[in-house]
Each structure stands twice: as structure tokens, then as C-alpha cells.
There are 4 protein chains.
Amino acid sequence: MEKIQFKAPHTADLAALRALAPTFLVYVLSFVNVAIYWNNHHHLFGACSKIDGRVMWANLHMLFWLSLVPFCTSWVGEHHLEAVPTAFYGVVLLASAVAFIGLQASLVAMKENAALAAMVDTDIKGKLSLALYAIAIVMAFVNQWVSDVLFVAVAMIWFVPDRRIEKRVASG
Amino acid sequence: MEKIQFKAPHTADLAALRALAPTFLVYVLSFVNVAIYWNNHHHLFGACSKIDGRVMWANLHMLFWLSLVPFCTSWVGEHHLEAVPTAFYGVVLLASAVAFIGLQASLVAMKENAALAAMVDTDIKGKLSLALYAIAIVMAFVNQWVSDVLFVAVAMIWFVPDRRIEKRVASG
Amino acid sequence: MEKIQFKAPHTADLAALRALAPTFLVYVLSFVNVAIYWNNHHHLFGACSKIDGRVMWANLHMLFWLSLVPFCTSWVGEHHLEAVPTAFYGVVLLASAVAFIGLQASLVAMKENAALAAMVDTDIKGKLSLALYAIAIVMAFVNQWVSDVLFVAVAMIWFVPDRRIEKRVASG
Amino acid sequence: MEKIQFKAPHTADLAALRALAPTFLVYVLSFVNVAIYWNNHHHLFGACSKIDGRVMWANLHMLFWLSLVPFCTSWVGEHHLEAVPTAFYGVVLLASAVAFIGLQASLVAMKENAALAAMVDTDIKGKLSLALYAIAIVMAFVNQWVSDVLFVAVAMIWFVPDRRIEKRVASG
């Protein structure tokens with residue numbers, strides 16, 4: 001898991017803690033997002049019996065985008081409610097989501113993982129996430145609060161690991 | 001394990017090393033605390049035969065609070081014997097302890113881990129830790145030395161991994 | 001995998017993002033290079049049934065050079081199109097490639113890994129990489145663009161994991 | 001493995017690289033030392049069939065001292081040939097070596113690891129290292145070059161993983 005940091009303030013009063021609040025909230029959001037990927041990644045690979053070279057690259061592609069989350073987190077943390085950092089955070093989340101769908105596709109493409117193919121056929125949550133992230137990126141240039149609400153909304157949609165896969169794995 | 005750091009001083013004499021002493025002691029305390037979680041985590045999962053989605057989230061919840069330990073460590077290290085950083089350190093340790101109890105509960109809730117349920121039924125150390133951390137948080141606004149002594153006391157209580165579990169695992 | 005970082009800019013406009021472009025491109029190149037080593041490392045060890053002390057040291061030797069990639073990345077990122085950082089980046093990539101060939105040789109030297117020996121007998125890609133890196137180092141003092149193109153070229157050559165090994169592993 | 005870093009210089013000429021030379025050499029020495037522990041750790045646990053709570057704490061104790069290596073590395077790197085940082089580096093290496101011997105003892109103390117006990121009975125390299133580190137710490141206040149030579153000498157003694165253990169594991 002990528003390391004997301006935030007720095008100790010230079011003073012030691014409650015005002016220092018209050019000033020950290022936006023940074024802290026972005027930190028929580030980023031931690032939850034990375035945790036969601038970690039969880040779903042675990043469930044996805046738990047449902048697969050084999051990987052190949054294409055899967056490894058799809059996996060590294062997803063790790064690349066997730067590796068940018070700490071950068072976005074500190075940029076948004078220091079410049080909350082500003083258009084470009086908010087939009088960029090959305091771009092990285094959108095790219096990570098696209099990469100996860102690609103990873104899923106690379107696994108489904110292997111005939112050894114036929115069981116997985118049946119589980120992920122509709123993927124409404126995946127498609128909805130892409131749409132909401134796209135709207136959040138556009139809205140970053142209008143009102144950043146809307147983007148922030150959308151980021152939280154997508155995180156809430158994904159908070160529960162994919163029940164379809166979990167159920168099959170348990171019954172398999 | 002989260003990475004707790006402290007920085008090399010800018011001078012090279014014994015005074016520089018003496019000035020680092022409080023930072024170093026907080027570093028040691030944080031290292032021991034994280035090591036305790038690591039150890040108990042190892043013993044807890046060693047006693048379980050299965051995990052589910054709820055366990056994964058309970059685990060990530062605990063990791064979230066532990067991920068704040070480096071932040072607290074550097075804040076307390078730079079502002080030792082000050083109320084807010086000391087109290088905040090206590091809050092993070094309290095939240096980590098609550099999260100560990102939650103993780104334990106999520107494992108016990110699975111019927112596959114019935115053996116574990118018998119081992120952790122009273123959990124006196126867990127309840128005592130919560131009480132001592134709560135007192136430490138309040139005392140941070142009165143006398144930070146009391147808080148510091150309580151932090152060390154809880155660490156000493158937990159220094160030995162849970163014998164109840166270890167014994168059962170060994171005999172199991 | 002070594003952690004390659006780049007820092008959040010101090011402003012929040014598109015100009016800040018544009019100014020980050022060279023740093024970002026070096027980051028991508030370094031990420032891809034480390035990913036290539038990770039992938040090939042995975043395939044190499046997947047084709048081996050045993051390791052010895054010499055293999056462990058050859059592996060740590062490769063990790064040493066890869067551990068310098070973040071240093072080079074931030075140096076080149078801040079001083080792109082300058083001779084010394086570009087040449088140094090080439091030296092680190094060349095040394096990593098030499099170390100990987102050494103690691104391969106240490107594995108092939110074990111009689112338990114006879115199957116691997118047949119797979120890596122010619123190693124045209126390895127030898128070509130060394131030659132291109134050597135040219136890139138020299139060209140860094142003439143025209144850094146040539147070096148950059150060569151770095152990208154070698155990465156593209158290696159982008160696909162070694163098919164010879166993958167094929168044998170799959171059929172084995 | 002703990003992460004030892006050194007920072008990219010602010011200029012881009014050969015003088016910048018020359019100025020980095022002492023930092024780089026300390027980095028290499030620290031990398032080799034940590035690699036030696038990693039290797040020997042691997043061989044030690046490879047020769048053991050079981051661990052207990054005491055082993056886990058002995059292991060974390062060793063990790064604690066190794067976790068201070070990056071701190072020492074950057075301090076010595078910035079203040080080479082000065083008494084206190086050189087002596088402190090020696091103290092951390094000495095404490096790590098003592099902790100490794102303690103870890104070995106905790107493993108040997110378990111009746112399940114009787115085979116290991118026979119392999120580590122004399123441990124001349126371990127005792128010699130402690131003596132040389134102790135001399136290096138004292139010499140840091142007289143002539144730092146002597147300490148540096150001793151640090152390199154101990155690293156060279158350990159460079160090869162413990163043949164006694166490796167041989168037994170291979171034949172076992």
C-alpha cells in the first residue's frame with residue numbers, strides 16, 4: 001500500500017489541529033480509497049487460479065495510478081477547494097478505476113478464470129464510478145464541494161467488497 | 001509496519017544527541033507500541049482458520065489508526081510536555097486499541113473461529129488499556145508526565161503477547 | 001519496490017502542473033523500469049526451483065542499484081537536459097542491467113536450475129540494453145535528448161516479460 | 001529492509017557528484033550491513049522449524065536497532081570524520097550485533113531447533129564483531145578513519161553468509 005503522509009504542525013495548540021482538518025479529511029478519503037482497492041484486489045485474486053504476463057502488467061498499471069494518490073493527497077490537502085488539484089485528484093481516481101477494470105478484464109480473459117467471468121459480467125458499480133469521477137473532474141472547475149461530495153459518494157459505493165465475488169468464493 | 005522516523009541533527013556534538021533524547025524516547029515508545037500490535041496481530045491471526053470481508057475492514061480500520069502513529073510521534077517529539085500533542089497521541093493509541101478489540105470481535109463472530117472465542121472471553125488487558133488511555137488523555141491537559149507514565153504503563157502491560165492465545169495455539 | 005516520489009507543487013494552477021511535466025515523465029520512466037525488473041524478477045524466480053547464498057547476494061546487488069533509481073529520478077527531474085544527471089541515470093540503469101545479468105548467471109550456475117539455462121542462452125535483449133545504455137551515457141555529454149530516447153527505447157524493448165521463460169514455465 | 005536515503009543535490013555538475021561521495025560511501029556501507037543482516041536472518045530462520053513469543057520479541061529488538069541505521073547514515077553522511085556521529089554509528093551497529101546474537105540464542109533455546117544449536121556453538125565471527133565495534137566506538141574520539149576501517153572490516157567478515165548453517169541446511 002502506498003504511503004500517504006501528513007506532516008506534524010510546527011505549533012502545539014488546538015488551532016494547529018484545526019488547521020490540519022482539511023488535510024486530515026483528504027488523508028482519510030485517500031486511505032479509504034486505497035483500502036478499497038486493496039480489499040477488492042484481494043477478493044479479485046482470491047477468485048482466480050492463475051495469472052499471466054498481461055495480468056502482471058495490468059496490475060502494475062493500476063499500481064502506477066495508485067502510486068500518485070499520495071501526491072494528489074498532499075496537493076489537495078494544501079490547496080483544498082481549488083480547481084486544478086481537485087480535478088487532478090479526480091483524474092488519478094478515474095485512471096485508477098479504469099486500470100482496475102482493465103485488471104479485471106485481463107483476469108477474465110484467461111480461460112482458467114472462467115468462474116470469475118460470470119461474477120463480474122454487469123459491473124454496475126465500476127461503470128457508475130467512472131461516470132461520477134468524470135462529473136467530479138468537470139465540476140472541479142465550477143464548485144469543488146460538488147467534486148468532494150462525489151469522491152466521498154464513490155468511496156461509499158465501494159466500501160463493501162464486491163459481494164458477487166465474495167459469495168462465489170465462499171460457496172466455491 | 002508503519003515507518004516512524006526521526007531526523008539527523010544539523011550539528012555533530014554530544015549536545016545534538018542530548019537534544020534528541022525526548023524525540024528518541026517517543027520513537028522507542030511508538031516502536032514498542034507498533035511492535036506490540038504486530039505481535040498480537042500475528043498471534044490473533046495464527047489462532048484463526050478463516051477471515052471474511054468484515055475482518056478485512058476491521059483490520060484496515062486498525063491500520064488506519066496505526067498509520068497516524070508516525071504523525072503523533074513527530075509531533076510529540078518536537079513538542080513534548082505540551083497538552084494538545086500529548087492528548088492527541090493518547091487519542092490515536094485509544095482508537096488503535098478500540099480498533100484492535102473490534103478486529104478481535106470480527107474474528108470471534110465467525111463460527112469457524114470458535115476456538116478463539118473461548119480464549120478472548122474476559123480480555124482484562126484490553127479493557128484496562130482503554131481506561132488508562134482515557135485517563136492519559138484527560139491528564140494531558142493537567143500534567144503531561146502523568147500521561148507519559150500511563151502510556152509506558154500500558155505498553156508494559158502488553159509487552160508480553162497474549163499468553164491465553166499462545167498457549168492454546170501451542171497445544172492445539 | 002523502491003519508492004519513487006515527486007512532491008506536490010506549492011501553487012494550485014495549471015502552470016504548476018505544466019512545470020511538473022518533466023518530473024512526471026522521468027517518474028513514469030523510472031516506474032516502468034522498476035516494474036520491468038519486478039516482472040522479470042518474478043518470471044526468473046518462477047522458473048527456478050532453488051536458490052543459494054550466491055543468488056541472494058546477486059539479488060541484493062541488483063536491489064542496491066535499483067535503490068538508487070529514486071535518487072536519479074529526483075535529480076534528473078529537477079535538472080532535465082543536463083549532462084551529469086542524465087549520464088548518472090544511465091550509469092545506474094547500466095549497473096542494474098549488469099546486476100540482473102549477474103543474477104541470471106548465478107541462478108543458471110546451480111545445477112538444480114538446468115531448465116533455466118536453456119531458456120536464457122542467447123540473451124540478445126540483455127546485451128543490446130547494455131550497448132544502448134553505454135551509448136546513452138556518452139551521449140549525455142553531447143545531447144541529452146538522444147540519451148532520453150535511448151532510455152525509452154530500452155524500456156520498450158523490455159516492456160514485454162521474457163517470452164522464452166514464460167513459455168517454458170507455462171508448458172513445464 | 002529499512003529505507004536508507006540520500007538526497008539529490010541542488011546543482012547538476014560533477015562537483016555536486018564529488019561532494020556526494022562521502023554520503024554515497026556511507027550509504028553503500030549501511031546497505032551492505034543491512035543486506036548482511038537480511039541474508040543471515042534468512043539463513044537463520046531457514047534452519048529453524050518453529051518460533052515462539054520470545055523469538056518474535058528478539059526479532060523486533062533487532063529490527064529496532066536496524067531501524068536506526070538510516071538515521072545514523074544520514075548523520076554520518078553529513079558529518080563524516082566527526083567523533084560523535086561516528087561513535088553513534090558504532091553504537092547502533094554494536095547493538096544490532098548484540099541483538100542478532102540474542103535472536104540466535106532465543107532460537108537455539110527452543111528444543112525444536114536442536115539442529116541449529118550445534119551449528120552456532122562457537123560463533124567466532126559474532127564475538128569478533130562485538131570486539132571490533134567496541135574498539136571502533138572508542139577510536140571515534142581519537143581518529144575516525146580507524147573507526148571507518150573497522151566498520152568496513154566487520155562488514156567484510158560477514159559478507160559471506162554463515163557457511164556452517166548453509167551447509168547443514170543444504171545437507172539436511
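Restricting attention to helices (runs of 4 or more DSSP H) lying wholly within region D:56-141, give those where 1 or more residues are crowded, with 17+ Cβ neighbours inside 10 Å and of a type in the set (D, E).
Values: elements: D:69-78, D:83-108, D:114-119, D:124-139.
Ranges flagged: D:69-78.
Only one of A:L68, A:L93, A:L60 is within 13 Å of A:V34 (Cα to Cα) and free of Cβ contacts under 8 Å to residues at least 40 places away in the same chain. Can you tell me which?
From the options A:L68, A:L93, A:L60, the qualifying one is A:L68.
Cβ contacts < 7 Å: first residue β-branched (V, I, T), restricted to region A:133-147; second residue assigned to a helix (DSSP H, G or I), any location; separation 6+ or different chain. Result?
Pairs that qualify, where the first residue is β-branched (V, I, T) and the partner is assigned to a helix (DSSP H, G or I), are A:I135/A:L150; A:I137/A:A87; A:I137/A:G90; A:I137/A:V91; A:I137/A:L94; A:V146/A:M139.
Scanning for something within 9 Å of chain B (Cβ to nearest Cβ) and not aliphatic (A, V, I, L, M), does region D:42-55 turn up at least one residue? Step through it out loud before you land on a result.
Step one: list which residues in region D:42-55 are within 9 Å of chain B (Cβ to nearest Cβ), which gives D:52-53.
Retained after the next criterion (residues that are not aliphatic (A, V, I, L, M)): D:52-53.
Within region D:42-55, one or more residues are within 9 Å of chain B (Cβ to nearest Cβ) and not aliphatic (A, V, I, L, M).
Confirm whether D:A35 is of a type in the set (A, V, I, L, M, F, W, C), within 9 Å of chain C (Cβ to nearest Cβ), assigned to a helix (DSSP H, G or I) and buried (at least 17 other Cβ atoms within 10 Å of the Cβ). Full working, then the answer.
Working: of a type in the set (A, V, I, L, M, F, W, C): yes; within 9 Å of chain C (Cβ to nearest Cβ): yes; assigned to a helix (DSSP H, G or I): yes; buried (at least 17 other Cβ atoms within 10 Å of the Cβ): yes.
Criteria met by D:A35.
Of the residues C:A19, C:A83, only one is among the small types (G, A, S) and over 30 Å from A:V84 (Cα atoms); which? Before you say what the answer is, go through the steps one by one.
Values: C:A19 fails: over 30 Å from A:V84 (Cα atoms).
Checking each option against the conditions leaves just C:A83.
So which of D:A12, D:A8 ends up being crowded, with 21+ Cβ neighbours inside 10 Å and either within 14 Å of chain C (Cβ to nearest Cβ) or closer than 19 Å to C:S67 by Cβ (or both)?
Numbers: D:A8 fails: crowded, with 21+ Cβ neighbours inside 10 Å.
Just one listed residue meets the conditions, D:A12.
Take the residues of region C:142-172 that are among the aliphatic types (A, V, I, L, M) and not in a helix (DSSP H, G or I): which is modelled with the highest pLDDT?
Taking region C:142-172 and keeping what is among the aliphatic types (A, V, I, L, M), we get C:142, C:146, C:149-150, C:152-157, C:160, C:165, C:169-170.
Pick out the ones that are also not in a helix (DSSP H, G or I) and you get C:142, C:160.
Details: C:V142: 96, C:V160: 63.
In this case the residue turns out to be C:V142.
Take the residues in region C:1-32 that are assigned to a loop (DSSP other than H, G, I, E, B) and closer than 27 Å to A:M56 by Cβ, then tell me which one is farthest from the chain's Cα centre (by Cα). Spell out the reasoning first.
As a first pass, look at region C:1-32 and keep what is assigned to a loop (DSSP other than H, G, I, E, B): C:1-13.
This time we only want the ones that are closer than 27 Å to A:M56 by Cβ, so: C:1-6.
On the way: C:M1: 12, C:E2: 12, C:K3: 14, C:I4: 13, C:Q5: 17, C:F6: 19 Å.
Only one residue tops the list, namely C:F6.
Would you check if D:N59 is within 11 Å of another protein chain (Cβ to nearest Cβ), under 12 Å from the mean Cα position of the chain (by Cα) and over 30 Å from C:S74 (Cβ atoms)? So that I can check it myself, show each step before the final result.
Working: within 11 Å of another protein chain (Cβ to nearest Cβ): yes; under 12 Å from the mean Cα position of the chain (by Cα): no; over 30 Å from C:S74 (Cβ atoms): yes.
Judged against the criteria, D:N59 is not a match.
The values are calculated or read from the model by the stated rules, or taken from the named source; none is laboratory data. Just so we're clear, the structure is a prediction, and the values are computed from it rather than from any experiment. Cβ sites come from the backbone with ideal geometry, for glycine too, and all protein chains shown count toward neighbours.
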